[in-house]
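First up is the structure itself, then whatever we jot down about it.
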Amino acid sequence: MNGQPPAPAGRVRRAPHVWCGWEAGGRVVRSARRAEGVPASPLVLSVLDRLDDWTTIDDLAAALDLPPTATRGVVDGMLAHDLLDEWVARDVDGGCAPLPTPWEAWAPAARLFHLATRDVAFGRPSADPPSSAADRPSPVLPPQGPFDVPLPAPRVPGALAPALATRRTHRRFASGAIGLGDLATLLGATFGVQAWAAAAEGPLALKTSPSGGARHSLEAWVWARAVDDLPAGLYHYRPDAHALTRLDGRQAPARVTMWLPAQEGYEGAAVVVVLASELARVAWRYRSARAYRVVLIEAGHLAQTFCLVATALGLGPFCTGALADTAIETALGLDADRRPVVYAMGAGIPAAGAWRPHEDRQAPVLTPTPHRVTPDA
Ligand SMILES: Cc1cc2nc3c(=O)[nH]c(=O)nc-3n(C[C@H](O)[C@H](O)[C@H](O)COP(=O)(O)O)c2cc1C
């Protein structure tokens, strides 16, 4: 039960955040839970109009002036597209309504964006015409005024400078395992709770990266592939205990590309870490769709910390936004509505020789700037 009063089974209502709009094929209605819609026929619209609240099929049939069996057929079709919610009988007193997901607070904007960008067909040739080099936007802005104030060269003290100066995305790895100590450092320094702060709401986790409202919704799900003294497999990192919990019964994919589509370069990675957001942790405090933006921003903070720590350890890091969302969530047993994956990163032993971003391409010519961070600065 979720605290709602019991109601007879077999009632339906309009699902929250059903949208109607005009798309290529005509007028379409769709749930914010789904990327695809259905034609917005007059019948579909009148069903939606009449289902502000939980309603029996018989009452709906009477309102529509349709036989109950035909009404049930229409309702079933709409349920299949998540346009309606059904209050079903369960083996608890009076049945139970569908539990709201954290998205309800942020829908439709956040959820539509999230759904529209899930399970993208990475690596397939795009139907769009290729962009022309002549149209390429400049990588920097032109001067925004007549006067420049020249700045002294950056001076980064301590051990941060070498990590900043040498961090690169690695897609070529040497064979061999990374040490368990290095993995522990990588996870602890990036995701581990550094301190608990007493707050009126309860203890707040503080980590090496900032987090909006100290929600720290992003959990690290670890695919150990080649780590000394750690059986290969899937784990959850516990940021409070600084320990890995083995996910018994969960099978790692045969190849990295099953999680990171069309990214063959990461096949030699020793570890892949996927970040999934515990949305409820954020939605509990923030009721605006903007909170989802904050979740994504935080993923970037964590990935940068991860990449810098890996670089400091002499490992080759990477991060990628090209994820097979459903494949990852299914393998890890994550409820896509409550704990969606948002980002992935990993590390391995860098391939010998000079850094080269891609196996099948020449190393680009790098022209250092005078104001770059230098390890000895
Ligand atoms: C949000 C984000 C998403 C990225 N997605 C991918 C990706 O899908 N595949 C990939 O190979 N690299 C990905 N990268 C890495 C970039 O390609 C890389 O950072 C860029 O080429 C600059 O190289 P550098 O990291 O060595 O400075 C991503 C980086 C970021 C920040």
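Summary table below
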| item | result |
| --- | --- |
| Tally of residues being within 26 Å of Leu115 (Cβ to Cβ) and in contact (Cβ under 8 Å) with a residue 24 or more places away in the chain across segment 54-76 | 3 |
| Criterion (under 22 Å from Gly179 (Cα atoms), within 16 Å of the ligand (Cβ to nearest atom) and modelled with pLDDT of 95 or more) met by exactly one of Val227, Val273 | Val273 |
| Matching residues in segment 334-347 - criterion: being surrounded by 13 or more Cβ atoms within 10 Å (Cβ to Cβ) and either assigned to a loop (DSSP other than H, G, I, E, B) or within 12 Å of the ligand (Cβ to nearest atom) (or both) | Leu334, Ala336, Asp337, Arg338, Arg339, Pro340, Val342, Tyr343, Ala344, Met345, Gly346 |
| Subset of segment 348-377 [outside any loop (DSSP other than H, G, I, E, B) and within 13 Å of the ligand (Cβ to nearest atom)] | Pro350 |
| Search result, residues across segment 28-71 that are more than 20 Å from Pro16 (Cα to Cα) and assigned to a helix (DSSP H, G or I) | Asp58, Asp59, Ala61, Ala62, Ala63, Leu64, Pro68, Thr69, Ala70, Thr71 |
| Among (1) in contact with a Pro (Cβ under 7 Å, 6 or more places away or on another chain); (2) crowded, with 18+ Cβ neighbours inside 10 Å, the one test that Ala189 misses | (1) |
| Condition check for Pro253: more than 24 Å from Gly181 (Cβ to Cβ), assigned to a loop (DSSP other than H, G, I, E, B), in contact with a helix residue (DSSP H, G or I) (Cβ under 8 Å, 6 or more places away or on another chain) and modelled with pLDDT of 95 or more | yes |
| Test: residue in segment 274-285 that is in contact (Cβ under 8 Å) with a residue 60 or more places away in the chain and within 29 Å of Ala161 (Cα to Cα) | yes |
| Among (1) within 15 Å of the ligand (Cβ to nearest atom); (2) surrounded by fewer than 24 Cβ atoms within 10 Å (Cβ to Cβ); (3) outside any helix (DSSP H, G or I), the one test that Gly265 misses | (3) |
| Pairs where the first residue, in segment 170-185, is more than 9 Å from Ala347 (Cα to Cα) and the second is of a type outside the set (A, V, I, L, M) and more than 16 Å from the ligand (Cβ to nearest atom), C-beta under 6 Å, 6+ apart | Ala177/Asp228; Gly179/Asp228; Leu180/Asp228; Leu180/Asp229 |
| Total residues in segment 117-165, condition assigned to a helix (DSSP H, G or I), surrounded by 10 or more Cβ atoms within 10 Å (Cβ to Cβ) and more than 15 Å from the ligand (Cβ to nearest atom) | 3 |
| Residues within segment 302-322 that are within 11 Å of the ligand (Cβ to nearest atom), assigned to a helix (DSSP H, G or I) and closer than 14 Å to Ala276 by Cα, tallied | 1 |
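Here's the yes/no breakdown for (1) within 16 Å of the ligand (Cβ to nearest atom); (2) surrounded by fewer than 21 Cβ atoms within 10 Å (Cβ to Cβ); (3) not polar (S, T, N, Q):
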site: Arg167; (1), (2), (3): yes, yes, yes
site: Ala174; (1), (2), (3): no, yes, yes
site: Gly181; (1), (2), (3): no, yes, yes
site: Gly212; (1), (2), (3): no, yes, yes
site: Arg215; (1), (2), (3): no, no, yes
site: Arg238; (1), (2), (3): no, yes, yes
site: Leu244; (1), (2), (3): no, no, yes
site: Leu247; (1), (2), (3): no, yes, yes
site: Met258; (1), (2), (3): yes, yes, yes
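The values are calculated or read from the model by the stated rules, or taken from the named source; none is laboratory data. Everything numeric here is computed off the predicted structure, so don't read it as measured data. For neighbour counting, all protein chains shown are included, and Cβ atoms are generated from backbone atoms with ideal geometry for every residue, glycine included.
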